[in-house]
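Taking it in order: structure first as structure tokens, then the write-up.
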Amino acid sequence: MLDQLNEAQREAATHIDGPLLILAGAGSGKTKTLTTRLAYLIGEVGIDPANTLTLTFTNKAAAEMRDRALRLIGGTHTYPLLCTFHKFGLLFLKFHIERLGRDNRFVIIDSDDKKRLLRSIAKELGIDLNISFVASEISKYKNTLLDPREVIEKAELPDYKKVARIYERYQQNIEENNLVDFDDLLMLTYKILDEHEDLRIETSRRYQYIMVDEYQDTNELQYKLLRRLCSEHDNLCVVGDDDQSIYGWRGANIRNILEFHEHFDNTRVIKLEINYRSTAPILEAANNLIEHNNRRLGKRLVSHRGDGPEVQLLHSLDEAHEARTIASRIKDLLAKGTPPEEIAVLYRINALSRSLEEGFAKEGLQFKLIGGMRFYERTEIKDIISYFRVLSNPHDDFSFLRIINKPRRGIGKSTVEKLQREAHDKRISIYRLIKTSQMETLTELTGKKAAKTLKELLETIHDLQEESRQNLERFIDYFEGKIGLREYYNAQPDGFERVLNIDEFYGYLRDSVEKNPDLGLDEFLNDISLQSDQDEVDGQAIAIMSIHAAKGLEFEHLFVIGMEEEFFPLLGDGCNMEEERRLGYVAITRAKSDLTLCYSDSRFYKGRRKQLEKSRFLGEAGLIRNASLKVTKTAQYKKGDLVKHKIFGIGRVQAVTKSGKEYKLRINFGGTKKEILSSFVQPA
């Protein structure tokens, strides 16, 4: 099995004792190396499979690695434990949760169950907060090992105080009902190992050889759990690529891989730099780009395939022109016999998919949207379309019920059910029921507050109908001012993307009016319906997806769109330029032979057509010459992050400002506010 490996892979696979960091570049055969090492330990060295533990992030990766390793090992009767972090936590808790005074017949609740429970608790407490935000904050608390008591003590802002109260009640509820949520699988496992030394020693001695895939994606809790698991030995082998760490927004801590050699003494570092996927020009662009990052361990990919066509740049006037040109090039590729599954288009933000979807549909190209919903199926877009349908036809009960409490108006489920029953009995629409009912009658049916709100909603609908007949372009601002969907979605954890989608939709409507000044709302809705009713794609199709969704995939022919400042890289509050650059590196290295990077002179941005500058990444990748493109250092931390100071403890960042070559953070440490330079804190 070792004959199939190159020199660096072989060196990594035959390493036995002591900490090992395998720094594996894109397409360098990391899975092959990891599975061969596992097979080598078991089949050649004679390590008992029961003494090994291999951890991954997805069930798919775990299954693939298990199959590969077992084929290499041959006829072993004991299977090595190879699973995700959370599956390991589940297995551990089934045996040891009694140590916390809990029954091992616990039930795991999924994210929907969790949100339902949080929603009912918030209602009991009389707290009106976005439940997605609450769920996200509680997940952060658990992954930083903060219990409800600590959160209550540290919370200062009103919304976070409310979240703390919900968190406290939520924990009481799930413990009383013997429930375990996804984050508990790791948090409780760590807690048991941390509090029971005998079990920690026993568990660490059992798993003498531990391996971790995609180590750059681990968070603080996973790192601490690994420290407990290998506390009796240093036989920890991690495989990862600091240049592909792109999940900082969901808690991954790049410092885990960057500082691995500091965390574990006598670490051996082996770099896998031979790339078996891409041609030399593609890797040249990727290497040039990522070398602009400061926080990296450093490696340079070399192509095993050798030379190939140069990376192409596609310059378009706008997004429609871009979509047409890409569609035309794809049709040429298909005509030459290229399998459609070898073609993909990537983008940084989901809002860019709309122009592609429409352009491809018009050209009759079959495509599949991977890792996301089609543009017109996204919740926030369906909300706007439902409002427009009600303006066009107020008697559309389906659309009316969707918008009746969006944004929240305090119209409860029981009130809606009463309206539906009454309208059904009278054989009229809900809209007509509200309109024709006297205030006294409606109050009797729904209650005084709800009746007043419903009458106000009808007045708003009438105002919007009138405005939409006057001037459809001016109507957009009027509609947003009256309804406030941007503000409503902006308050959610994924609000940035949702607001971009809303702006993209408004921009598309403005563009449609500009091209057809006589366009009416009915006609626009008909156009939308035709575009959004595309048949489900069967069989092979061209892939359209975000760069995040593309990680781990590869394509013969690849287009990356939106290579403009503000789109890729994203700019503004919370932007981490080094992570943006790593995303660019991931995007480029998905291509095997043919890579086209696309930029446009203008796009719709925040509801307006905006003239754009080409992305600095094109210059940094060595594809264009532009002296004005400079490497910009950005803050590692953003508003809302939890950080830890060696003296003041854990606090939350409230503001970030530039201070010379550093960044200054205003941090709230449990009610005491301090201004600290960013180099003196670390992620909590």
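The values are calculated or read from the model by the stated rules, or taken from the named source; none is laboratory data. The shown structure was predicted, so the numbers you read here are calculated from the model rather than taken from an experiment. For neighbour counting, all protein chains shown are included, and Cβ atoms are generated from backbone atoms with ideal geometry for every residue, glycine included. In case anyone asks, the SASA skips ligands and DNA or RNA and just uses the protein heavy atoms, side chains included. Shrake-Rupley method; radii C 1.70, N 1.55, O 1.52, S 1.80 Å.
Please state the Cα pair-distance histogram of the range 290-395 with 5 angstrom bins from zero: what percent is in each bin?
Per 5 Å bin, starting at 0, the Cα pair percentages come out as 2, 9, 13, 15, 15, 13, 12, 10, 5, 2, 2, 1, 1.
Taking the solvent-accessible surface of protein heavy atoms with a 1.4 Å probe, what is the per residue accessible area of the chain in Å²? Don't jump to the answer; show the numbers that get you there.
Values: 31210 Å² over 684 residues.
Computed with neighbouring chains in place, this is 46 Å² per residue.
Label points 7 Å out from Cα along the Cβ direction at Val416 and Glu556: separation in nm?
Going by the 7 Å Cα→Cβ label model, 4.9 nm.
Quick one: angle between helix 379-392 and the longest Cα principal axis of the chain, in degrees between 0 and 90, rounded to 10, please.
10 degrees
Hey, got the Cα dimensions of the range 200-265 along the principal axes, in Å, largest first?
Computed over the Cα atoms, the extents are 35, 19, 18 Å.
Quick check: residue separation of Ala63 and Asp112 times 0.36 nm, minus the Cα distance between them. What number comes out in nm?
The span from Ala63 to Asp112 would gain 15.0 nm if fully extended.
Report, in debye and to the nearest 20, how large the dipole of the range 371-421 comes out about its Cα centre when Lys and Arg carry +1 and Asp and Glu carry -1 on their Cβ.
The calculated dipole for the range 371-421 is roughly 180 debye.
Give a quick list of trypsin sites (Lys or Arg not before Pro) in the range 385-478 that DSSP marks as loop, anything other than H, G, I, E or B, with at most 10 other Cβ atoms within 10 Å.
Answer by residue number: Arg408, Arg427.
Roughly to the nearest percent, how much of the accessible area of the range 1-49 is carbon and sulfur, given a 1.4 Å probe?
The value for the range 1-49 is 39 percent carbon and sulfur by accessible area.
Could you please state how large a percent of the accessible area of the range 213-357 is carbon and sulfur, counting protein chains only and using a 1.4 Å probe?
Working: 2470 of 5540 Å².
Roughly 45 percent, rounded to a whole number.
Helix 413-426 against the longest principal axis of the chain: what's the angle in degrees, Cα atoms only, rounded to the nearest 10?
40 degrees
Answer rounded, prolate or oblate for the range 53-184, using the Cα gyration tensor with square roots of eigenvalues a ≥ b ≥ c: rounded when a/c is under 1.5, else prolate when a/b is larger than b/c, else oblate.
Verdict is prolate for the range 53-184.
Given the Cα-Cα distance of Asp601 and Arg305 and 0.36 nm per residue of separation, how much length would full extension add, in nm?
Going from the current span to full extension adds 103.1 nm.
With labels modelled as points extended 7 Å from the Cα through the Cβ direction, what inter-label distance (nm, one decimal) is found for His263 paired with His196?
2.4 nm
Based on the Cβ-Cβ distance of Ile428 and Asp3, what FRET efficiency does E = 1/(1 + (r/R0)^6) give at R0 = 56 Å, to the nearest 0.05?
Using R0 = 56 Å, I get an efficiency of 0.10.
At 7 Å along the Cα-to-beta-carbon direction for both Glu273 and Asn177, put a label point, then send me their distance in nm to one decimal.
5.5 nm
Tell me the angle of helix 319-335 to the major Cα principal axis of the chain, expressed in degrees between 0 and 90 and rounded to the nearest ten.
60 degrees
Would you mind checking Lys336/Lys551; Lys142/Lys639; Lys140/Lys224 for any pair whose Cα atoms are more than 25 angstrom apart?
Lys336/Lys551
Given a Förster distance of 22 angstrom, what is the FRET efficiency for Leu525 paired with Asn405, based on the Cβ-Cβ distance and rounded to 0.05?
Efficiency, from the Cβ-Cβ distance: 0.50.
Count the DSSP beta bridges whose two residues both fall in the chain, then state the antiparallel fraction as a percent rounded to the nearest 5. Write down the numbers at each step before the final one.
Details: 24 of 70 bridges.
Close to 35 percent.
Quick one: putting +1 on the C-beta of Lys and Arg, -1 on the C-beta of Asp and Glu, what dipole do you get for the chain around its Cα centre, in Debye to the nearest 20?
Values: 103 positive and 107 negative charges, 290 e Å.
That gives the chain a dipole magnitude of about 1400 debye.
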